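Report on the structure given below.
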Amino acid sequence: MVFLRLLLKDLHNAAEHFLWQPVCLFSRLSATRMPCEANRRFLILYGSQKGQAQSIAEGIAEEAGEHGLVADISCLDLNEKYDVERAKAPVVFVVSTTGDGEPPDNSLKFVRIIKKKTLASDHLKNLCYALLALGDTNYANFCNCGKTIDSRLQELGAKHFYATGHADDGVGLELVVDPWIEGLWEAIKGALSIMATEKDTHIKETPSLPDVKLSLLSLTDTDGQNSDPDREPLASDSKSLFVASAQTTVSEPRQASLSDSPGVSSGSDGIADVSKSEPERQTGDSGVPHTDLEASLTHSLPPLSQSALNVPALPSAFLDVSLQQDKVEESSTLLNTEMPQEVPISRAVQLTRGDSVKTALLLELDISANPAMTCLPGDSFEVLCPNRTPEVQQLLSRLGLQEQRNHCVQLSLRNDTKKKGAQVPSYIPENSTLQHLLTWCLEIRSVPKKGFVRALVEYTGDGMQRRRLQELCSKQGSADYNLFVRDTRLSVLDLLSAFPSISPPLSLLIEHLPKLQSRPYSAASSNLRHPGKLQFVFNVVEFPVCSGRPAGRQGLCTGWLSDLVSSMLVQSADAPCWPSPPTIRTSLRPNCTFRPPSDPSLPFVMVGPGTGVAPFIGFLQQREKERQMKPEVPFGETWLFFGCRHKDRDYLFREELEGFVSSGTLSHLRVCFSRDNQEDQTPTGPPPGPRYVQHNLLLNGQHVADILLKQNGCLYVCGDAKNMAKDVNDTLIEMIRAELQLDQLEAMKILAGLREEKRYLQDIWG
């Protein structure tokens, strides 16, 4: 009887506190005290600017069930849905970085909350967490948002249960994401066990964190930090990542799955059936043997072609898509409401000579009727461009939907979906036609992620093509995926053309293709010089022929803009305005930091080769007008380091820059010509001059160092992130080291301090 009374009392107490105690009822009577299935839950919180971090978080949530776990998932800013202060389960953060190391928009509120100085050092003592940060080493402040959250959580008493991962989109997020996710599951189970056993004590960080080798390279979001989809042949958010790493058994390509869809069947050992002989594996359904001597997008070589494969789990379908039989007319009101300003292009000028390697164009927008579009020097704005009509028509034809292009698309969630947090895409308006959806809503140029490639396997009829797609999305085929898909920036249309037996439904494309992103451009003018006008400059991006892309093509936005102004294009900046100009949709992106010093007496240095000079034209136009308006005010000296290939072909704004020097607006102009210097070099002649902007910087290192270290001046860098910005950064470190006689580490600390003080600023793209 005593035993029964004690037992009933224990059960009563357990039931009363069930929601607050991460221990199952049976564990109170069990010596092992293992958590029960009801308590094997954890929380995933993501901060994502353009969808990559969210996609990874959703992949983790989907895969959790395969490991006997249940995942709750939420955006960081929806703090009414979770409570990290009283966390009773492990929390997994997946966070990207955007802008100049800034948090994504949907995590700003969370970051502000945890940064409050009034919070006690044990405010988050109950939080047991792991964090995966996304970034890109091509940009400064690598993974800055993830690092900021991580360090602040530690300051507030939170404890790791798993090593932090830093994934680099510059080399491929999957290199870190895949192994990090693979090790996550055992870490979560261990954390759950500890939290259940020590429910009344704080989780202590121990040296037994899972030993996961993570890349030490930096990373940013692209979600795309400072990424411009056209500037680096995107956005963007268009960068590849490997989300789900659950291992499934790959069926032999000739076999069909239980659903009669050819492809990959479920299994437990994660090994592909490669028992067929090599000749049989190298023969397609047509019976014709392949004799390729080198790997390509569509064909692999040993050892990959002979390897067992670990492929990601099949992403959960979540959309039902239907097309209304009644045709509807296109409506301009369906266009993205984020782009309310429609402005005319009043002038278009080609700045480079016809034989230049790149074609640079200057466009002038007439914003006189849109005062909200007025930019300050350093600001940028976004252009919403459509997908190219021929590509949309080709995709419609490939899907067999040409006749339905004007039918209304109806979207709804599938009742049987297993996708966590599934939602109908908010960027697809109601009553949208299929033509409109593919033209203005979906990024059909985006690089297919591995999860998308995995989903396409299910709709591929040819055995050899199916096997190759399995390879491209597998762990073993990562190198081929990077080489033939990611690095060459293939689109889904390229993939469908290369693998003609793929026959995907429309719902699959809508589920996997990201939102069509607007493209950012820097203002290249000052409203004081050109009231009611806004100028910007860009190179027409060219994508070369490669494996999987038999014909070259232009960047989506730059090619569209070039075609738009082809009839009004002139060679002189003094040409008259066009009488019936085309219009584009834009929105302003103010930049509160990349601005000239508010104190005009402070000196500053500008580094902008190629089209990177654009914002500095606005700087100098503004300064010239201010000098005229305030002749009594002292102005500090200004330096510009510019570079291009050839003096007579692509020296942008040459006359205007020389005019700034003549007027005293620009104190020092340092220009170098990389190809001219190379061609002028002879075995007996003098050594060539500085080839790139960083060489000129080093030649003038004493003056630049004096401006930065003694005169409280600023330095601005605009242009290519992958090469130029890194080289300039290294040169500045060397310059500071030489001037102050310091070691490299101390010089790096000083440069980091300048960045913190907002006196070393970058506007760069990848």
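Numbers at a glance
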quantity: Sole residue being small (Gly, Ala, Ser), in contact with a Phe, Trp or Tyr (Cβ under 8 Å, 6 or more places away or on another chain), surrounded by 22 or more Cβ atoms within 10 Å (Cβ to Cβ) and closer than 23 Å to Leu699 by Cβ, chosen from Gly612, Gly643; calculated: Gly643
quantity: Residue list for region 67-117, restricted to those being at positive phi and within 18 Å of the chain's Cα centre (by Cα); calculated: Gly99, Gly101
quantity: Members of region 76-92 that are surrounded by 21 or more Cβ atoms within 10 Å (Cβ to Cβ) and either of a type in the set (Asp, Glu) or in contact with a Ser or Thr (Cβ under 9 Å, 6 or more places away or on another chain) (or both); calculated: Leu76
quantity: Scan of region 428-469 for residues that are polar (S, T, N, Q) and touching a Phe, Trp or Tyr at 6+ places or on another chain (Cβ under 6 Å), ordered by number; calculated: Gln465
quantity: Test for Gly753: is it farther than 22 Å from Gly636 by Cβ and either modelled with pLDDT under 95 or among the polar types (S, T, N, Q) (or both); calculated: no
quantity: Neighbours by Cβ (under 8 Å, 6+ apart or cross-chain): first from region 641-669, more than 25 Å from Thr731 (Cα to Cα); second acidic (Asp, Glu) and surrounded by 17 or more Cβ atoms within 10 Å (Cβ to Cβ); calculated: Phe660/Glu624; Ser663/Glu624; Thr665/Glu624
quantity: Residues of region 519-535 classified as assigned to a loop (DSSP other than H, G, I, E, B) and in contact with a strand residue (DSSP E or B) (Cβ under 9 Å, 6 or more places away or on another chain), total; calculated: 6
quantity: Filter result for Leu534 (open to solvent by less than 10 Å² (accessible area, probe 1.4 Å) and not β-branched (Val, Ile, Thr)); calculated: yes
quantity: Selection from region 104-150 of residues that are among the polar types (S, T, N, Q) and open to solvent by 60 Å² or more (accessible area, probe 1.4 Å); calculated: Thr118, Ser121, Asn126
quantity: Region 744-766 - residue that is assigned to a strand (DSSP E or B) and of a type in the set (A, V, I, L, M, F, W, C) and, of those, surrounded by the most Cβ atoms within 10 Å (Cβ to Cβ); calculated: Trp765
quantity: Leading residue by the ranking (most open to solvent (accessible area, probe 1.4 Å)) among those in region 420-457 that are of a type in the set (Gly, Ala, Ser) and under 20 Å from Tyr481 (Cα atoms); calculated: Gly451
quantity: Which listed residue, of Leu362, Leu396, Leu376, is in contact with a strand residue (DSSP E or B) (Cβ under 9 Å, 6 or more places away or on another chain) and of a type in the set (A, V, I, L, M); calculated: Leu362
quantity: Residue list for region 65-75, filter: open to solvent by 30 Å² or more (accessible area, probe 1.4 Å) and under 22 Å from Val111 (Cβ atoms); calculated: Asp72, Ile73
quantity: First in region 92-105 and over 27 Å from Phe161 (Cβ atoms) and small (Gly, Ala, Ser), second anywhere and modelled with pLDDT under 95 and buried (at least 24 other Cβ atoms within 10 Å of the Cβ), Cβ under 9 Å, 6 or more apart; calculated: Gly99/Gln49; Gly99/Gln225; Gly99/Asn226
quantity: Residue ID - most open to solvent (accessible area, probe 1.4 Å), chosen from residues in region 458-503 that are among the polar types (S, T, N, Q) and in contact with a Lys or Arg (Cβ under 7 Å, 6 or more places away or on another chain); calculated: Thr488
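The values are calculated or read from the model by the stated rules, or taken from the named source; none is laboratory data. Nothing here was measured: the structure is a model prediction, and the numbers come from that model. Every residue, glycine as well, gets a Cβ built from its backbone with ideal geometry; the counts of neighbours run over all protein chains shown. Just so you know, the surface numbers come from the protein's heavy atoms only, side chains and all, with ligands and any DNA or RNA stripped out. Shrake-Rupley method; radii C 1.70, N 1.55, O 1.52, S 1.80 Å.
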